[in-house]
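The values are calculated or read from the model by the stated rules, or taken from the named source; none is laboratory data. Nothing here was measured: the structure is a model prediction, and the numbers come from that model. Glycine gets a Cβ as well: all are built from the backbone with ideal geometry, and neighbour counts include every protein chain shown.
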Amino acid sequence: MTRPELCVIAGPNGAGKTTFAREFLPHFAKCPEFVNADLIAGGLSPFSAAAAALEAGRIMLRRIDELSAHHRDFAFETTLSGKGYLSLFRKLRTKGYRIHLFFLSVPSVQLAIQRVRDRVRHGGHAVPEEDIRRRFHRGLRNLFAEYMPLLDTWTLWDNSERRPQMIAYAEGSDIRILNSSLFDHVKKGLELPK
């Protein structure tokens with residue numbers, strides 16, 4: 001029997017996670033289920049998704065519980081700016097899940113802020129600028145300092161151009177850096193533990 005798989009699309013606000021997921025998950029990862037709190041919130045309250053964010057988060061977590069109880073493959077997106085998914089990842093690993101994380105980076109918080117503004121102009125959901133700034137480096141720091149030991153594979157992407165560029169990937173502890181200058185730029189200023 002094949003092991004169930006979780007695909008996590010991570011990155012700061014404005015990195016293009018949902019756009020990447022829509023293209024990547026069905027065509028390349030063959031992942032049938034994408035659980036997205038932002039899309040759920042938009043369905044609950046199309047004119048004020050922010051007001052429905054808390055309920056959307058609850059629905060997302062319930063759906064993740066349902067899918068994992070049936071050992072189904074699924075994906076979700078996150079900024080990874082908190083440590084709340086550590087316990088979920090541990091629980092899924094005990095259920096036999098393979099966990100794959102795809103982290104989309106952009107070179108600056110200013111670009112992330114501009115992308116969120118552009119998204120709002122086109123009818124997408126807003127994120128307060130102070131939240132974008134606070135989460136920007138925190139997600140990467142958590143990836144390197146907290147989440148990596150729980151992942152079967154991870155891939156780091158630069159998503160600042162039209163097509164994402166792979167920076168580095170790993171399977172287990174075997175890390176391959178494809179673009180060392182971008183990798184160094186991404187890790188710069190993260191204050192990682194030694």
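Could you tell me whether Arg134 is surrounded by fewer than 18 Cβ atoms within 10 Å (Cβ to Cβ) and in a loop (DSSP other than H, G, I, E, B)?
Values: surrounded by fewer than 18 Cβ atoms within 10 Å (Cβ to Cβ): yes; in a loop (DSSP other than H, G, I, E, B): no.
Judged against the criteria, Arg134 is not a match.
Of the residues that sit in the stretch 42-53 and are free of Cβ contacts under 8 Å to residues at least 40 places away in the same chain and more than 18 Å from the chain's Cα centre (by Cα), which one is nearest to Glu5 (Cα to Cα)? So that I can check it myself, show each step before the final result.
Within the stretch 42-53, the subset free of Cβ contacts under 8 Å to residues at least 40 places away in the same chain is 43-48, 51-53.
Still in the running and more than 18 Å from the chain's Cα centre (by Cα): 43-48, 51-52.
On the way: Gly43: 26, Leu44: 28, Ser45: 31, Pro46: 31, Phe47: 34, Ser48: 33, Ala51: 32, Ala52: 29 Å.
Only one residue tops the list, namely Gly43.
From Leu39, Leu61, Leu6, which residue is within 23 Å of Ala170 (Cα to Cα) and under 17 Å from the mean Cα position of the chain (by Cα)?
Values: Leu39 fails: within 23 Å of Ala170 (Cα to Cα); Leu61 fails: within 23 Å of Ala170 (Cα to Cα).
Sole residue among the options that is within 23 Å of Ala170 (Cα to Cα) and under 17 Å from the mean Cα position of the chain (by Cα): Leu6.
For the stretch 106-126, which positions are over 24 Å from Gln165 (Cβ atoms) and under 19 Å from the mean Cα position of the chain (by Cα)?
Selection gives His125, Ala126.
Quick one: is Phe103 at pLDDT 90 or above, closer than 22 Å to Glu23 by Cβ and touching a Pro at 6+ places or on another chain (Cβ under 8 Å)?
Working: at pLDDT 90 or above: yes; closer than 22 Å to Glu23 by Cβ: yes; touching a Pro at 6+ places or on another chain (Cβ under 8 Å): no.
So Phe103 fails the test.
Could you please tell me which pairs satisfy a Cβ distance under 6 Å, a separation of 6+ or placement on different chains, a first residue in the stretch 77-90 that is over 10 Å from Arg138 (Cβ atoms), and a second residue that is crowded, with 18+ Cβ neighbours inside 10 Å and charged (D, E, K, R)?
Between residues of the stretch 77-90 that are over 10 Å from Arg138 (Cβ atoms) and residues that are crowded, with 18+ Cβ neighbours inside 10 Å and charged (D, E, K, R), the close pairs are Glu77/Lys17.
So that you can scan it fast, the table gives a plain yes or no per residue for (1) charged (D, E, K, R); (2) in a loop (DSSP other than H, G, I, E, B); (3) on the phi > 0 side of the Ramachandran plot:
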residue	(1), (2), (3)
Phe47	no, yes, no
Glu55	yes, no, no
Ser81	no, yes, no
Leu86	no, no, no
Leu104	no, no, no
Val116	no, no, no
Arg138	yes, no, no
Glu146	yes, no, no
Pro149	no, no, no
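Test Ala170 against the stated conditions and say whether it is more than 20 Å from Ala37 (Cα to Cα), small (Gly, Ala, Ser), assigned to a helix (DSSP H, G or I) and within 19 Å of the chain's Cα centre (by Cα).
Numbers: more than 20 Å from Ala37 (Cα to Cα): yes; small (Gly, Ala, Ser): yes; assigned to a helix (DSSP H, G or I): no; within 19 Å of the chain's Cα centre (by Cα): yes.
Taking the combined requirement at face value, the residue does not satisfy it.
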